[in-house]
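Before any comments, here is the structure.
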Amino acid sequence: MLKLVPTAIAATLALASTAHAASVTVQEAPLRAHLAFLSSDLLEGRGTGQRGGDLTVAYLEAQAQAAGLRPANGNGYRQAVNIAGVKALPQDSTVALVAGGKPLPLAFGKDWVWAPGDAQPAHDLDAPLVFVGYGIAAPEEGGWDDYKGVDVKGKVLVMLVNDPAPTSAAPNRFAGKSLTYYGRWTYKFEEAARRGAAGVLLIHTDASASYGWGVVHNSWMAERFQLADADLGTGLQGWITDATARALFTAVGQDLDKLRAAAEDKSFRPVELDARVAGHAQAAVRTLQQFNVAGVVPGTDPKLKNEVVIYSAHWDHLGKQGDTGDTIYNGAVDNASGSAGLLAMAQEAARHPAKRSQMFLWVAAEEQGLLGSAAYAARPLWPLDKTAAALNLDSLNFVAAAKDIGVRGSERSDLGTMAAATAKAMHLAVAPAGPDLGGGYFRSDHFSFAKAGVPAFSISGGRDWVKDKEANDAKQKAYGPRYHQADDEYDPNWDLAGMVQQAQFTLNLGRRVADAPAMPAWKKGDQFGKIRETAGR
């Protein structure tokens, strides 16, 4: 009988572990096949509340089962997401901004947009306006409070977008040049609702929002969606252009530039305006049910199998829009690529289980405000205190293989160290992360998990190309005008080496987390780590 000394046993186990990990190899062929189908015209852009979305869910459900995943929701793969669809009807409404007793001549879409945030079809409004600066209450930022105890119940709050800029005296306040969650419009709506406000009007500028008025216009002119069974928003939510804001403030004898400057200091106090939102607001409201799709690879360790690593990607895009020309918004890169990547990863994970369980989660309605992932976090299929991490894929690298990988947001927790080790093992560099000017960390599905206290981030593709730098830079740049447009379509000539690389890194990182002795922890002081601490997770 062969006898091994302890060091030899350890070496043998290490080699076996390395060989096992190396055998978990994401294959290009299934990834390409799934990508081609998910982005085909047959699925009509995978729109929320549209036929193409229903077909997508059926496909993902069948493929999850074929890959060998176990149902994550009892005997099924689906998790219902109850959604309210809301579309403002300005032609049936009389709502107006009244300044100094006189209505401002505003055109819906051009000068302002609004819709109910509480999924109610009709509102009769007569509410005073209050300027509340950035509308932020952040005790950890030196006691920053734009409300100063002022009762804003029943009032419409006018707010600046983004968060206060860093200063020479306080270069790191609100994360310096990076956007924090306090700067996101979603937070501002949420905070106003918590305080009982009747509504919110956000002042838009290209710089503060990080996108033009056209993005706001296109979103608010169409049907918008919200969770039907979540906390309701205010009765009125909307945006006004900078020109509209200037006209409003001038009409009531206020200097917008001076108030903007005042809002940069934490001594700012709310300013009541001699203005109101008044009139009848009408909207079309419907309820619908969409589905997340989830399957599990059970873990092998008797104890650790009760904990889970989640890989997520959103299956939805913008569906069919318009009546002429190309009406299908295929969303090949965003996010048929991520959904296809998860399917290819699941196929390999099912063949080679890890110590912890692994869940593959395709979420609905990301394009409508992270609704599917928010619904999951509110009613998780696996206890959040047993969820080790959530790794998200949103728009894979369709250009070419790279020498680096993007892991922005991983530095908030132990996932940063684990991501760096995974990259090193794959001979990849970690892409340098500059200031998060657009608040990207708060705009993809991993954020729903972070808000619930689970260490989470999205893996992005690299940009340091292995070869053909100039041509690949041009190819990457050319995607910009196609983002959220009808020509984000699959090209069978694409080199998918970058997609495979990104999916492989994500699976390798997930397995590193799944096989680790302990679950990752947030870095001390992180605002989302405090959520897990408070919840005892």
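Every residue, every condition in (1) at pLDDT below 95; (2) closer than 19 Å to Gly133 by Cβ, yes or no:
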{"position": "Ala193", "(1), (2)": "no, yes"}
{"position": "Ala207", "(1), (2)": "yes, yes"}
{"position": "Val215", "(1), (2)": "yes, no"}
{"position": "Phe225", "(1), (2)": "yes, no"}
{"position": "Thr234", "(1), (2)": "no, yes"}
{"position": "Trp239", "(1), (2)": "no, yes"}
{"position": "Gly253", "(1), (2)": "no, yes"}
{"position": "Leu259", "(1), (2)": "no, yes"}
{"position": "Ala262", "(1), (2)": "no, yes"}
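Residue-by-condition table, conditions (1) more than 23 Å from the chain's Cα centre (by Cα); (2) surrounded by fewer than 23 Cβ atoms within 10 Å (Cβ to Cβ); (3) assigned by TED's automatic domain parsing to the domain that holds Ala354:
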| site | (1), (2), (3) |
| --- | --- |
| Met221 | no, yes, no |
| Val252 | yes, yes, no |
| Leu256 | yes, yes, no |
| Arg260 | yes, yes, no |
| Ser267 | yes, yes, no |
| Glu272 | yes, yes, no |
| Ala281 | yes, no, no |
| Phe291 | no, no, yes |
| Lys305 | yes, yes, yes |
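The rows are residues; the columns are (1) in contact (Cβ under 8 Å) with a residue 60 or more places away in the chain; (2) surrounded by fewer than 24 Cβ atoms within 10 Å (Cβ to Cβ); (3) among the charged types (D, E, K, R); (4) within 26 Å of Ala33 (Cα to Cα).
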residue: Thr300; (1), (2), (3), (4): no, yes, no, no
residue: Thr324; (1), (2), (3), (4): no, yes, no, no
residue: Ala340; (1), (2), (3), (4): yes, no, no, yes
residue: Lys355; (1), (2), (3), (4): yes, yes, yes, no
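Filter the stretch 451-508 down to residues that are among the acidic types (Asp, Glu), surrounded by fewer than 18 Cβ atoms within 10 Å (Cβ to Cβ) and on the phi < 0 side of the Ramachandran plot and give me whichever is nearest to the chain's Cα centre (by Cα).
It comes out as Asp487.
If a residue must be under 25 Å from Val24 (Cβ atoms) and within 21 Å of the chain's Cα centre (by Cα), how many such residues does the stretch 36-73 contain?
Of the residues in the stretch 36-73, 2 are under 25 Å from Val24 (Cβ atoms) and within 21 Å of the chain's Cα centre (by Cα).
Filter the stretch 432-450 down to residues that are in a helix (DSSP H, G or I) and modelled with pLDDT under 95 and give me whichever is nearest to the chain's Cα centre (by Cα).
Result: Phe442.
Where the second residue is of a type in the set (Ser, Thr, Tyr) and at pLDDT 95 or above and the first is over 12 Å from Ala88 (Cβ atoms) and lies in the stretch 230-241, which pairs have Cβ atoms under 9 Å and are six or more apart or on separate chains?
Thr241/Thr205
Filter the stretch 341-389 down to residues that are under 30 Å from Met221 (Cα atoms) and in a loop (DSSP other than H, G, I, E, B) and give me whichever is modelled with the lowest pLDDT.
This residue is Gly369.
Would the stretch 503-516 turn up any residue that is farther than 21 Å from Glu367 by Cβ, of a type in the set (D, E, K, R) and assigned to a loop (DSSP other than H, G, I, E, B)?
Within the stretch 503-516, none of the residues are farther than 21 Å from Glu367 by Cβ, of a type in the set (D, E, K, R) and assigned to a loop (DSSP other than H, G, I, E, B).
Could you tell me how many of the residues in the stretch 403-438 are touching a Gly at 6+ places or on another chain (Cβ under 6 Å) and in contact (Cβ under 8 Å) with a residue 60 or more places away in the chain?
Residues meeting the conditions: 2.
Output the residues belonging to the stretch 315-340 that are within 18 Å of the chain's Cα centre (by Cα) and not in a helix (DSSP H, G or I).
Selection gives Trp315, Asp316, His317, Leu318, Gly331.
May I ask you to say which residue of Ser458, Ser395, Ser444, Ser448 is within 18 Å of Ala514 (Cα to Cα), touching a residue at least 24 places away in the same chain (Cβ under 8 Å) and assigned by TED's automatic domain parsing to the domain that holds Lys305?
Result of the check over Ser458, Ser395, Ser444, Ser448: Ser458.
With surrounded by fewer than 18 Cβ atoms within 10 Å (Cβ to Cβ) and modelled with pLDDT of 95 or more as the only criterion, which of Gly154, Gly101, Gly133, Gly176 stands out?
Answer to the selection: Gly154.
For (1) modelled with pLDDT of 95 or more; (2) surrounded by fewer than 18 Cβ atoms within 10 Å (Cβ to Cβ); (3) among the hydroxyl-bearing types (Ser, Thr, Tyr); (4) outside any loop (DSSP other than H, G, I, E, B), each residue gets a yes or a no:
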{"position": "Leu2", "(1), (2), (3), (4)": "no, yes, no, no"}
{"position": "Thr7", "(1), (2), (3), (4)": "no, yes, yes, yes"}
{"position": "Thr12", "(1), (2), (3), (4)": "no, yes, yes, yes"}
{"position": "Leu15", "(1), (2), (3), (4)": "no, yes, no, yes"}
{"position": "Thr18", "(1), (2), (3), (4)": "no, yes, yes, yes"}
{"position": "Thr25", "(1), (2), (3), (4)": "yes, yes, yes, no"}
{"position": "Leu31", "(1), (2), (3), (4)": "yes, no, no, yes"}
{"position": "Ala36", "(1), (2), (3), (4)": "yes, yes, no, yes"}
{"position": "Gly45", "(1), (2), (3), (4)": "yes, no, no, yes"}
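Do we find that Ala346 is within 13 Å of Trp315 (Cβ to Cβ), in the same structural domain as Gln79 (by TED's automatic domain parsing), in contact (Cβ under 8 Å) with a residue 12 or more places away in the chain and not basic (Lys, Arg) in this structure?
no
Could you tell me which numbered condition Val363 fails, if it satisfies all but one of (1) within 23 Å of Asp515 (Cα to Cα); (2) in contact (Cβ under 8 Å) with a residue 60 or more places away in the chain?
Unmet condition: (1).
What is the number of the single condition among (1) surrounded by fewer than 20 Cβ atoms within 10 Å (Cβ to Cβ); (2) among the charged types (D, E, K, R); (3) within 22 Å of the chain's Cα centre (by Cα) that Lys188 does not meet?
Here Lys188 meets the rest and fails (1).
Determine which member of the set Ala497, Ala420, Ala429, Ala518 is modelled with pLDDT of 95 or more, more than 23 Å from Gly369 (Cα to Cα) and in contact with an Asp or Glu (Cβ under 7 Å, 6 or more places away or on another chain).
Unique residue meeting the criteria: Ala429.
The values are calculated or read from the model by the stated rules, or taken from the named source; none is laboratory data. These numbers were taken from a predicted model, which means no experiment stands behind them. In this analysis, Cβ positions are derived from the backbone assuming ideal geometry, glycine residues included, and neighbour counts consider all displayed protein chains.
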